[in-house]
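J.: This structure is in structure tokens; I'll ask about it shortly.
The values are calculated or read from the model by the stated rules, or taken from the named source; none is laboratory data. Remember, predicted model here, so these are calculated numbers, not experimental data. Ideal geometry is used to build each Cβ from the backbone, glycine not excepted, and the neighbour counts take in all protein chains shown.
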Amino acid sequence: MKLKTVLTRSFLLLTVFFLLVTALPVYANVKGERFQPVTDAIGLVASANYQTDNLAMDDNYLYPTFSSLSVVDLNPESLKLFQKFRTDYIYDLVVNGQYAYAAQQEKGLRVFDITVATPTIFSSHPINGGAFGMALSGTTLIVTTGLNGLTLLDTTKPYDMPVISQLALEGFARQVSADGNLALVAAGKEGVHVVDISRPETPWLVSTIETTAAAENVTVTGGKAYIALGSGGMEIVDLSDPAKPDVLSNLPTSDFLRRVVIKDNLAYLCEKGAGIRIVNVSDPKNPIPLAIYNTYGGAWDVAVKDNNIYVADYPYGLLVLRYTPPVEAAIPADGGSLKSAADNVQVTISADTFGSAVDFRHEPLPTINTPIGPEPTLVKVGSFFRNSAWKNETSVKPENPYTLTVKTNVTGLTDRQIRVLSLYYWDTDLKRWRKEVSTRLNVETATLTAETTRLGLWGVFYDRDDSYSNIPLTATPEE
């Protein structure tokens, strides 16, 4: 009898364990040094004291909001404030042509005319349940209305904004994202609702994605849903069959994840106190963190244009960051090359450099993050980057030299400064820059070439002392 009882309990425990394990999310494998996000690849370009926790953007302007609606120049060199209109708190903003649609919770929906000298209220519309998140699908504005679900409105009549339809949903509808015929609604503990909006007059619930934590926000693009789960990380879901969403991966985050923005296979994660994280999502089953930037306050929202990253860093204001994705190449055993157009760097690897096939990575880095050593006479010029090589998840070093070629912008330099340009590498033991003695300079093309076995951080400098000395007409490397 005792033996039967023990076996029964063991069976029950194993059954419970199996059910728990199979119910767990598919966590992305981000272990190993190769897949850890770097902290020096994102650089601060500019900042401005525009209080904001939400951003909208069109082709020409940035629209930071809080208890105001501002119109700001996208040029990070100026971030000029063109217009500002004080109003009630704006939960979300959608800009389309001459109008900005503001979701203002219990205040409902307000339409602003942003073509005049100062944004003015064009029309106001009460929304049952309040107006929270918004998305635009063609001429249909989709508004989340908290416990009331969704309201769809016609934007072709911006003064009237007639209601097209409403849809009741479980949970608290917070945010919405639309792509094609689908609208995805982040509904807190109820997960994410998948809604068919192919006929705005009769939207209908297709399915609901059950999430492992409360759904704070969602972005849908390219048949994938990227769900911000607050403290539960980012979940990526395949929507090839909207009726049967398939969870592909879950990426843990360092802090509360408020929003995810997708651009060119990169996900920009707003992790509040942990700042901005950039993740490669080209393989949605295996998202790879690339870089992270710890902002001053909390990263509440982000907008991306070209390689400029605009961050609503509440309560400190607006930040502009810059990031250039790494260039990677699978180098076969008989050698190969890699080119980076972003910083005009070429790497040429021969058959005996590593002795086998490797994955080579070149990371252009912002010059503002260049480490400072004890060399007061060195002046930074042009490229700053990091090279690394990997076999699987293990870093490897060259057995024989590879060729490093860098074309440098010499605008503003004197002839003497140009002639003493050289490649320098960062000595991690001595914490200083050291000149690469194999550097050759083509003065006419401002191209530097070196044969080296060193990886790690590299930069282009000239030495002020050398530039004022009696140097030869043709630069020669040190011996």
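J.: Condition (residue is under 30 Å from the mean Cα position of the chain (by Cα) and modelled with pLDDT of 95 or more) applied to the stretch 155-172: is it met by at least one residue?
T.: Taking the stretch 155-172 as the starting set, the residues that turn out to be under 30 Å from the mean Cα position of the chain (by Cα) are 171-172.
Applying the additional criterion that residues be modelled with pLDDT of 95 or more yields 171-172.
Within the stretch 155-172 (the criterion being under 30 Å from the mean Cα position of the chain (by Cα) and modelled with pLDDT of 95 or more), the answer is yes, since at least one residue qualifies.
J.: For the stretch 195-215, name all the residues that are of a type outside the set (Ser, Thr, Tyr), within 13 Å of residue 173 (Cβ to Cβ) and surrounded by 18 or more Cβ atoms within 10 Å (Cβ to Cβ). Spell out how you get there, then give the answer.
T.: Taking the stretch 195-215 first, the residues of a type outside the set (Ser, Thr, Tyr) are 195-197, 199-201, 203-206, 209-210, 213-215.
With within 13 Å of residue 173 (Cβ to Cβ) added as a condition, the list becomes 195, 203, 205, 214-215.
Result: 195, 203, 214, 215.
J.: Continuing with the same structure: Where the second residue is at pLDDT 85 or above and the first is hydroxyl-bearing (Ser, Thr, Tyr) and lies in the stretch 110-121, which pairs have Cβ atoms under 7 Å and are six or more apart or on separate chains?
T.: Pairs that qualify, where the first residue is hydroxyl-bearing (Ser, Thr, Tyr) and the partner is at pLDDT 85 or above, are 115/98; 118/83; 118/85; 120/112; 120/113.
J.: Hey, another quick one. For residue 400, indicate whether it is more than 23 Å from residue 40 (Cβ to Cβ) and either acidic (Asp, Glu) or touching a Gly at 6+ places or on another chain (Cβ under 9 Å) (or both). Walk me through how you get there before you give the answer.
T.: On the way: more than 23 Å from residue 40 (Cβ to Cβ): yes; either acidic (Asp, Glu) or touching a Gly at 6+ places or on another chain (Cβ under 9 Å) (or both): yes.
Taking the combined requirement at face value, the residue satisfies it.
J.: So if I check each of 249, 231, which one is buried (at least 18 other Cβ atoms within 10 Å of the Cβ) and more than 24 Å from residue 143 (Cα to Cα)?
T.: Working: 231 fails: buried (at least 18 other Cβ atoms within 10 Å of the Cβ).
That would be 249, the only listed residue that is buried (at least 18 other Cβ atoms within 10 Å of the Cβ) and more than 24 Å from residue 143 (Cα to Cα).
J.: Those residues that are crowded, with 17+ Cβ neighbours inside 10 Å and of a type in the set (D, E, K, R), I need them from the stretch 336-354; list them, please.
T.: Selection gives 343 alone.
J.: Do you know which residues across the stretch 400-413 are exposed (fewer than 14 other Cβ atoms within 10 Å of the Cβ) and out of contact with any Ser or Thr (no Cβ under 7 Å at 6 or more places or on another chain)? If you could, list the steps in order and put the result at the bottom.
T.: Our first condition is that a residue be exposed (fewer than 14 other Cβ atoms within 10 Å of the Cβ); within the stretch 400-413, this holds for 400, 409, 411-412.
409, 411, 412, listed by residue number.
J.: State which residue is modelled with the lowest pLDDT when the search covers only the stretch 113-141 and only residues that are buried (at least 20 other Cβ atoms within 10 Å of the Cβ), over 13 Å from residue 185 (Cβ atoms) and aliphatic (A, V, I, L, M).
T.: Within the stretch 113-141, the match that is modelled with the lowest pLDDT is 114.
J.: Another question, then. Please give the number of the condition residue 184 fails out of (1) over 20 Å from residue 105 (Cβ atoms); (2) surrounded by fewer than 23 Cβ atoms within 10 Å (Cβ to Cβ).
T.: (2)
J.: Taking the residues in the stretch 428-447 that are free of Cβ contacts under 8 Å to residues at least 12 places away in the same chain and surrounded by 12 or more Cβ atoms within 10 Å (Cβ to Cβ) as candidates, determine which candidate is farthest from residue 372 (Cα to Cα).
T.: Among those that are free of Cβ contacts under 8 Å to residues at least 12 places away in the same chain and surrounded by 12 or more Cβ atoms within 10 Å (Cβ to Cβ), it is 442.
J.: Let me ask something else about it. Any idea how many residues of the stretch 50-81 are of a type in the set (Gly, Ala, Ser) and more than 16 Å from residue 315 (Cα to Cα)? Can you show your working first?
T.: Within the stretch 50-81, the subset of a type in the set (Gly, Ala, Ser) is 56, 67-68, 70, 78.
From the residues that got through so far, the ones that are more than 16 Å from residue 315 (Cα to Cα) too are 56, 78.
Final tally of qualifying residues: 2.
J.: Please go through (1) modelled with pLDDT of 95 or more; (2) under 18 Å from residue 67 (Cα atoms); (3) of a type outside the set (A, V, I, L, M) for residue 144 and return the number of the only condition it doesn't satisfy.
T.: All conditions are met except number (2).
J.: Another question about this same structure. Would you mind stating whether residue 176 is touching a strand residue (DSSP E or B) at 6+ places or on another chain (Cβ under 8 Å), touching a residue at least 24 places away in the same chain (Cβ under 8 Å) and assigned by TED's automatic domain parsing to the domain that holds residue 103?
T.: yes
J.: Still on this model: For the stretch 299-322, which residues satisfy the criterion of being touching a Pro at 6+ places or on another chain (Cβ under 8 Å) and modelled with pLDDT under 95? Break it down into steps so the answer makes sense when it comes.
T.: Step one: of the stretch 299-322, the residues touching a Pro at 6+ places or on another chain (Cβ under 8 Å) are 308, 312, 318, 320, 322.
Result: 308, 322.
J.: Here is a further query. Residue check: is residue 160 surrounded by fewer than 17 Cβ atoms within 10 Å (Cβ to Cβ) and not basic (Lys, Arg)? If you could, list the steps in order and put the result at the bottom.
T.: On the way: surrounded by fewer than 17 Cβ atoms within 10 Å (Cβ to Cβ): yes; not basic (Lys, Arg): yes.
When the stated conditions are applied, residue 160 passes them.
Rundown of residues vs (1) in the same structural domain as residue 182 (by TED's automatic domain parsing); (2) free of Cβ contacts under 8 Å to residues at least 60 places away in the same chain; (3) within 30 Å of residue 155 (Cα to Cα); (4) in contact with a Gly (Cβ under 6 Å, 6 or more places away or on another chain), yes/no style:
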residue: 200; (1), (2), (3), (4): yes, no, yes, no
residue: 221; (1), (2), (3), (4): yes, yes, yes, no
residue: 242; (1), (2), (3), (4): yes, no, yes, no
residue: 272; (1), (2), (3), (4): yes, yes, no, yes
residue: 310; (1), (2), (3), (4): yes, no, yes, no
